[in-house]
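Scroll down for the structure; my scribbles are underneath it.
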Amino acid sequence: MWSGQHLLSMRDADADQARALLTLAHAGEFDPVALSGRTIANLFFEDSTRTRVSFSVAAQKLGAQVVDLGSSGSSVSKGESLIDTAWTIESMGVDAIVVRAAQSGASELISRHVKIPVINAGDGMHQHPTQALTDALNIGRSHGRTAGWDLSGLRVVIVGDVVSSRVARSNVGLLTALGARVTLCGPSMMCPDGLSALGCDVVRDLDSLVPDADVLMMLRIQFERGGGARLASRRLYHACYGLTLDRASRMKRGAIVMHPGPMNRGVEIEGTVADGLTSVIRDQVAGGVLVRQAALRTAILDR
Ligand code: CP
């Protein structure tokens, strides 16, 4: 999971390393000056609300300073490469780089050219490791699995535009490493059978999965990655693959609803379900800060 000091991917996730981060995040007992005198650079070349702000909040809660850079307003807009940008930031004495980019593999590429820790905050359709850790934290907390983070016996159903989703790929890697059974569900254009190569089931019929799922994780249709072109009609999609109030009423007792955000309310999830009692969507956001505190602390002080 850790690649040296870098946190890049949940593919072939290491369960022991994940448990260590989850235990640190769950305890939430961070020294507020742990990263005093350190500087974290947020390089966000693609839009973000949750990840960008939570990394900033996490760094500040550990006593670090944060510098924020996007493609607009930086020399990336003049054609400077991501590698040259990262190298420039490193030369200024920054202690770690958090990267979001539209290009799959961007964080790994940058990590090969700098000597400071790189944390992948989402790269194209590839990976979003701290989102998966956030989701595992909330699944463990909701289902009483925080002692040991053993998720065996839990069935996690990830629904929607899976093919576009770095969140889904990261969650399959991490949650299966922790013992959960993961099933991907969606229309074939968004959830092709070949995704079973990730080590999970692929099922078309959402209604057959709802009563047995311990976790229903709904995914946003990623219109910016062509998800809209894979959609015949929003209304039909909502009827077949949306988490409607009627569908949610068939979930078993104790099952939870998740969504990494941002949500298309009324498309992949009905607003009343997103705001309902079984939803842990706001807890996911809150847990994101704890996970990013754990990731930054570990990357800078322990690796
Ligand atoms: N879940 C997530 O990555 O959200 P943002 O795009 O707002 O960071």
Compactness check, the stretch 56-190: C-alpha Rg relative to the 2.2 N^0.38 Å globular estimate gives 1.24
Percent relative contact order for the stretch 110-202, counting Cα pairs under 8 Å at least six residues apart, stands at 27
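As a test of reading the structure, rank S152, S72 by solvent-accessible area (1.4 Å probe, protein chains only), most first.
S72, S152
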The local net charge around S164, scoring Lys/Arg +1 and Asp/Glu -1 for residues other than S164 whose Cβ lies under 11 Å from its Cβ, equals +3
Treating only Lys and Arg (+1) and Asp and Glu (-1) as charged, each at its beta carbon, one finds that the stretch 129-269 has a dipole about its Cα centre, in Debye to the nearest 20, of 260
Measuring from its Cα centre, the stretch 12-169 shows a charge dipole (+1 at each Lys and Arg Cβ, -1 at each Asp and Glu Cβ) which, in debye to the nearest 20, is 260
Between R250 and S75, the FRET efficiency computed from the C-beta separation at R0 = 51 Å comes out, to the nearest 0.05, as 0.45
Expressed in square angstrom to the nearest 10, the accessible area of K61 with a 1.4 Å probe stands at 110
Measuring from the longest principal axis of the C-alpha atoms of the chain, the long axis of helix 281-297 (C-alpha) lies at a number of degrees, nearest 10, equal to 30
So the angle from the long Cα axis of helix 82-91 to the longest Cα principal axis of the chain, reported in degrees to the nearest 10, equals 50
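Are there any trypsin sites (Lys or Arg not before Pro) in the stretch 133-214 that are in a DSSP loop and have at most 15 other Cβ atoms within 10 Å? List them by number.
R204
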From most to least accessible, 1.4 Å probe, no ligand or DNA/RNA atoms counted, D161, D283 line up as D283, D161
Placing one equal point scatterer on each C-alpha of the stretch 1-70 and summing with Debye, one gets log10 I(q)/I(0) at q = 0.15, 0.24 Å⁻¹ equal to -0.63, -1.22
Total charge of the residues flanking I256 in space, meaning their Cβ is under 15 Å from its Cβ, with Lys and Arg +1 and Asp and Glu -1, is +3
Between S36 and A286, the FRET efficiency computed from the C-beta separation at R0 = 35 Å comes out, to the nearest 0.05, as 0.90
For the chain, the percent of accessible surface on carbon and sulfur atoms (probe 1.4 angstrom, ligands and nucleic acids excluded) is 50
Given a Förster distance of 30 Å, the FRET efficiency implied by the Cβ-Cβ spacing of C240 and S152, rounded to the nearest 0.05, works out to 0.50
If every Lys and Arg gets +1 and every Asp and Glu gets -1 at its Cβ, then about the Cα centre the chain yields a dipole, in debye to the nearest 20, of 340
Once normalised by the length of the stretch 178-263, the mean sequence separation of its alpha carbon contacts under 8 Å that are 6 or more apart gives a contact order in percent of 34
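Can you give me the orientation-averaged projected area of the convex hull built on the Cα atoms of the chain, in nm²?
14.6
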For the chain the mean separation of alpha carbon contacts under 8 Å (6+ apart) over residue count, i.e. relative contact order in percent, is 21
Per the rule of 0.36 nm per residue minus the C-alpha distance, extending M92 to Q60 adds in nm 9.6 nm
In terms of the alpha carbon gyration tensor, root eigenvalues a ≥ b ≥ c, rounded if a/c is under 1.5 and otherwise prolate when a/b exceeds b/c or oblate, the stretch 61-131 is rounded
Scoring only Lys, Arg, Asp and Glu (+1, +1, -1, -1) among other residues with Cβ under 14 Å from the Cβ of L231 yields +2
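Would you mind classifying the stretch 171-283 by shape? Square roots of the alpha carbon gyration tensor eigenvalues, ordered a ≥ b ≥ c; an a/c under 1.5 is rounded, otherwise it is prolate if a/b is larger than b/c and oblate if not.
rounded
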Longest principal axis of the chain (C-alpha) makes with the long axis of helix 166-177 (C-alpha) an angle, in degrees to the nearest 10, of 80
Between the residues Q131, T244, A180, the Cα farthest towards the positive end of the dipole of the chain, that dipole coming from +1 and -1 charges on the beta-carbon of Lys, Arg, Asp and Glu, is from T244
If each part is reduced to its alpha-carbon centroid, the stretch 186-227 and the stretch 105-178 end up apart, in Å, by 16
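The values are calculated or read from the model by the stated rules, or taken from the named source; none is laboratory data. Values in this document were obtained by computation on a predicted structure and should not be read as measured data. Cβ atoms come from the backbone with ideal geometry, glycine included; neighbour counts cover every protein chain shown. Quick note on the areas: whole protein, heavy atoms, side chains included, nothing else; ligands and nucleic acids left out. Shrake-Rupley method; radii C 1.70, N 1.55, O 1.52, S 1.80 Å.
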